Amino acid sequence: MKILVAVKRVVDYNVKVRVKADGSGVDLANVKMSMNPFCEIAVEEAVRLKEKGVATEIIAVSVGPTAAQEQLRTALALGADRAVLVESADDLSSLSIAKLLKGVVDKEEPQLVILGKQAIDSDNNQTGQMLAALSGYAQGTFASEVAVDGDNVKVTREIDGGLQTIDLKLPAIVTTDLRLNEPRYASLPNIMKAKKKPLETLKPEDLGVSVKACVKTLKVEAPAARSAGIKVKTVDELVDKLKNEAKVI
Ligand code: AMP
């Protein structure tokens, strides 16, 4: 079984992001970039399926600038067999990314596509769902457990009320939630081996996809700074402040 894993290059989760002075976006100059954490979980799940003998090939795919090769090399070091970069320097909407991923799905015909549930930079949580709609594949989002059984895959989903288990007919799309697995670190020998694994670069035109902008960012603002807390000496003082200052009781 072939598995396609979508990997996004994002600002590292440890970075405190700064908004550009003109409010046009986040300042990415000299900022550490990494693989989106939910995509790391997606790669890990694919690698585990390969280790179990369920998957035969793992292809990592990213849509982004030339520099996204770094994250694809990380996916290769973690266990992907080959990688595809759909190169675009534009700030693409989720719909454009889903259309480009659909182009790769049509070309590669994977049985399973694993994506993160959301990218931590834009928090969109929509690419997997859009890809499922465009490709007509079954979808299981927010997965905390994935079990392939013949032509089906059972996905346990994290939903508000608890856990929901669904049975999908392959080919299917799964998006990963935090508890699905704990991703491994790439070992130095595997990082070295990854340099020699195949990485194909495509342009959106090669996939016959036009990536016209359909969403315009009007403004990006940093959240309002929180005012400092205070210490109260007695419970009476606390109750008084809650009643008369915060007016919450
Ligand atoms: P989002 O819908 O933007 O929150 O992203 C959800 C998931 O879609 C990510 O975790 C990735 O697996 C995938 N994805 C989003 N953008 C890209 C991209 N530019 N390249 C590859 N995969 C992406």
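From a point 7 Å beyond the Cα of Ala222 in the direction of its Cβ, which residues of the range 6-26 have a backbone N at a distance under 20 Å?
Under 20 Å, as judged by backbone N against the label point of Ala222, lie 11-26 of the range 6-26.
Quick one: dipole size for the range 142-182, taken about the Cα centre, charges +1 on Lys/Arg Cβ and -1 on Asp/Glu Cβ, in debye to the nearest 20.
Its charge dipole is roughly 80 debye.
Can you tell which of Gly128, Asn190, Val235 lies farthest toward the positive end of the dipole of the chain, using +1 and -1 charges on the Cβ of basic and acidic side chains (Lys, Arg; Asp, Glu)?
Val235
When we measure straight from the Cα of Lys219, which aspartates and glutamates land under 20 angstrom away, once same-chain ones fewer than 8 places off are left out?
Asp22, Asp27, Asp90, Asp91, Asp121, Asp123
For the chain, list the DSSP H helices whose alpha carbon atoms reach 20 Å or more along the long axis and whose average Kyte-Doolittle value is 0.0 or above?
Working: long enough: 37-51 (21 Å, 0.11); 94-108 (21 Å, 0.36).
Counting only whole DSSP H runs, the qualifying helices are 37-51, 94-108.
Residues with amide H under 5 Å of Leu202's amide H, sequence separation 5 or more or different chain, H placed in the peptide plane at 1.01 Å from N; which?
Those qualifying (amide H under 5 Å, at least 5 residues apart or on another chain) are Leu85, Val86, Glu87.
Which value at 222 nm does the chain reach when only helices count, each DSSP H run of 4 or more adding -39,500 (n - 2.57), with the total divided by all residues and rounded to the nearest 500 deg cm²/dmol?
It lands at -8000 deg cm²/dmol.
Residue farthest toward the positive end of the dipole of the chain, with Cβ of Lys/Arg at +1 and Asp/Glu at -1: which of Val61, Gly162, Pro37?
The one lying farthest along the dipole's positive direction is Pro37.
Ignoring chymotrypsin sites (Phe, Trp or Tyr not before Pro) that are buried or in helix or strand per DSSP, and keeping those with at most 16 other beta carbon atoms within 10 Å, what is the longest stretch of the chain between them?
Counting only loop sites that pass the neighbour cut-off, the longest clear stretch is 14-184.
Could you calculate the FRET efficiency of Ile166 with Glu205 from 1/(1 + (r/R0)^6), where r is the beta carbon distance between them and R0 is 35 Å, rounded to 0.05?
On the way: r = 37 Å, r/R0 = 1.05.
Efficiency, rounded to the nearest 0.05: 0.45.
Over 23 Å between C-alpha atoms is what I'm after, so list which of Lys20/Lys195; Lys99/Lys203; Lys16/Lys196; Lys20/Lys203; Lys16/Lys99 land there.
Details: Lys20/Lys195 35 Å; Lys99/Lys203 13 Å; Lys16/Lys196 34 Å; Lys20/Lys203 29 Å; Lys16/Lys99 31 Å.
Pairs exceeding the cut-off: Lys20/Lys195; Lys16/Lys196; Lys20/Lys203; Lys16/Lys99.
Dipole magnitude of the chain about its Cα centre, charges +1 at Lys/Arg Cβ and -1 at Asp/Glu Cβ only, in debye to the nearest 20?
It comes to approximately 480 debye.
At 7 Å along Cα-to-Cβ for each site, give me the label-to-label distance between Asn152 and Val17 in nm.
Between Asn152 and Val17, the simple spin-label model gives 4.0 nm.
Would you be so kind as to identify which of Ala143, Ser88, Gln118 lies farthest towards the positive end of the dipole of the chain, taking Lys and Arg as +1 and Asp and Glu as -1 on Cβ and the Cα centre as origin?
Looking along the dipole axis, the top candidate is Ser88.
Within 10 Å, at most 12 other Cβ atoms, and a DSSP state outside H, G, I, E, B define an exposed site. Report the longest part of the chain free of exposed trypsin sites (Lys or Arg not before Pro).
On the way: sites that count: Lys16, Arg18, Lys20, Lys32, Lys52, Lys195, Lys196, Lys212, Lys216, Lys219, Arg226, Lys231, Lys233, Lys247.
Result, exposed sites excluded: 53-194.
Cβ under 14 Å from Lys212's Cβ, Lys212 left aside: what net charge do those residues give with Lys, Arg +1 and Asp, Glu -1? Mind showing how you got there, number by number?
On the way: positive: Lys99, Lys216; negative: Asp90, Asp91, Glu205.
Result for the local shell: -1.
Where a number appears in this text, it was derived from the coordinates with a stated rule and is not lab data. Keep in mind the model is a prediction, meaning the values are calculated, not measured. Positions of Cβ are generated from backbone atoms using ideal geometry, with glycine treated the same way; all protein chains shown enter the neighbour counts.
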